[in-house]
Ligand code: KG4
Ligand code: ZN
């Protein structure tokens with residue numbers, strides 16, 4: 001049953017066609033306009049979705065060598081995300097499903113990220129732990145089964161990607177900051193500056209134990225460090241600051257996952273979300289996997305950042321259980337994973 005999925009929750013206009021195990025098309029139009037402002041401007045994002053969604057869907061269908069009538073189901077991200085952006089995708093998907101007379105399904109964007117390691121068949125099988133690290137979220141999830149999620153911890157302030165973006169700004173790098181910080185960090189010394197490790201808030205004594213994160217202290221430490229430097233010193237130390245910040249953030253993630261894995265000794269751990277593109281982070285988790293005896297999974301970079309293929313995969317699972325959404329489906333910007 002060929003399925004068309006649409007993702008417009010933030011600043012990526014994306015569509016994909018999935019047919020059984022085969023991803024027939026996957027299109028992502030990144031909105032460059034936000035680079036001018038150093039972050040996503042919600043009003044500009046929704047306008048860009050309006051302009052781009054139809055051409056993106058047309059391109060996706062052409063890539064899949066299909067016409068709209070070949071599509072047998074429509075899936076769309078309905079939250080969490082920016083309300084104006086979600087409205088564009090949800091309205092379009094509802095109209096299309098109605099016109100084609102095919103079922104509609106609203107997908108939780110966060111659950112989509114959980115499926116991003118499973119777009120191809122070699123992904124982890126539940127139960128496994130998934131660390132979802134994106135621009136908006138940092139959540140450690142115990143995937144008991146598909147559709148059954150236990151939140152073990154989450155950030156109490158900034159998301160991991162947000163910390164990368166803010167530190168990039170402090171260092172005068174372009175948005176989105178993650179790739180820029182990673183590139184600069186590769187040329188720096190991660191031991192040069194002893195930034196306070198992003199504070200762990202693991203509460204092993206609570207029942208069930210919590211494995212929360214906090215990154216705002218680390219970001220502020222970078223800000224105060226940089227403020228004390230003269231322009232020439234900053235230029236000289238920029239790579240070391242990027243590398244030391246990145247290391248402190250990775251250490252916090254690794255330590256928390258290690259603690260969680262001791263409590264939930266599953267066979268597989270997955271990384272998902274834009275920050276999972278980071279190679280230093282992947283290497284640190286590969287090493288943790290070797291130490292603790294779990295298999296580490298991470299998506300291909302194109303499936304780490306926002307895309308519609310992961311939405312299609314999540315929808316395929318729910319469609320197979322008979323789930324459908326009514327045409328009254330409404331965007332839910334604060335949707336949680338449950
Ligand atoms: O998953 P995503 O595309 O969007 C959300 O749903 O939030 O993640 C985007 C985030 C941004 O904060 C970006 O800076 C970060 O992922 N990111 C990275 C890397 N590539 C993207 N962070 C660190 N290293 C990277 N290579
Ligand atoms: Zn995302």
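Computed from the coordinates by the stated procedures, all read-outs in this text should not be read as laboratory data. The structure presented is a predicted model; accordingly, all values stated were derived computationally and were not measured. No Cβ is skipped: glycine too gets one built from the backbone with ideal geometry, and neighbour counts run over all protein chains shown.
Below is a table of values for the structure above.
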item: Highest-MSF residue in the chain out of 38, 217, 20 [GNM, Cα springs under 10 Å]; result: 20
item: Relative contact order of the chain, pairs being alpha-carbon contacts under 8 Å that are 6 or more residues apart, as %; result: 24
item: In nm, spacing of pseudo-spin labels at residue 205 and residue 191 (7 Å Cα→C-beta vector); result: 3.5
item: The chain: mean projected area of Cα convex hull, nm²; result: 16.8
item: Cβ crowding within 10 Å averaged over residues, with 116-127, 82-93 ranked highest first; result: 82-93, 116-127
item: Projected area averaged over orientations for segment 179-338, convex hull of C-alpha atoms, nm²; result: 12.9
item: Value of [θ]222 nm, deg cm²/dmol, for the chain, DSSP H segments ≥ 4, -39500 (n - 2.57) each, nearest 500; result: -13500 deg cm²/dmol
item: Projected label distance in nm at residue 279 and residue 326, using a 7 Å step from Cα toward the beta-carbon; result: 5.1
item: Contour minus Cα-Cα distance for residue 231 and residue 22 (0.36 nm per residue); result: 70.0 nm
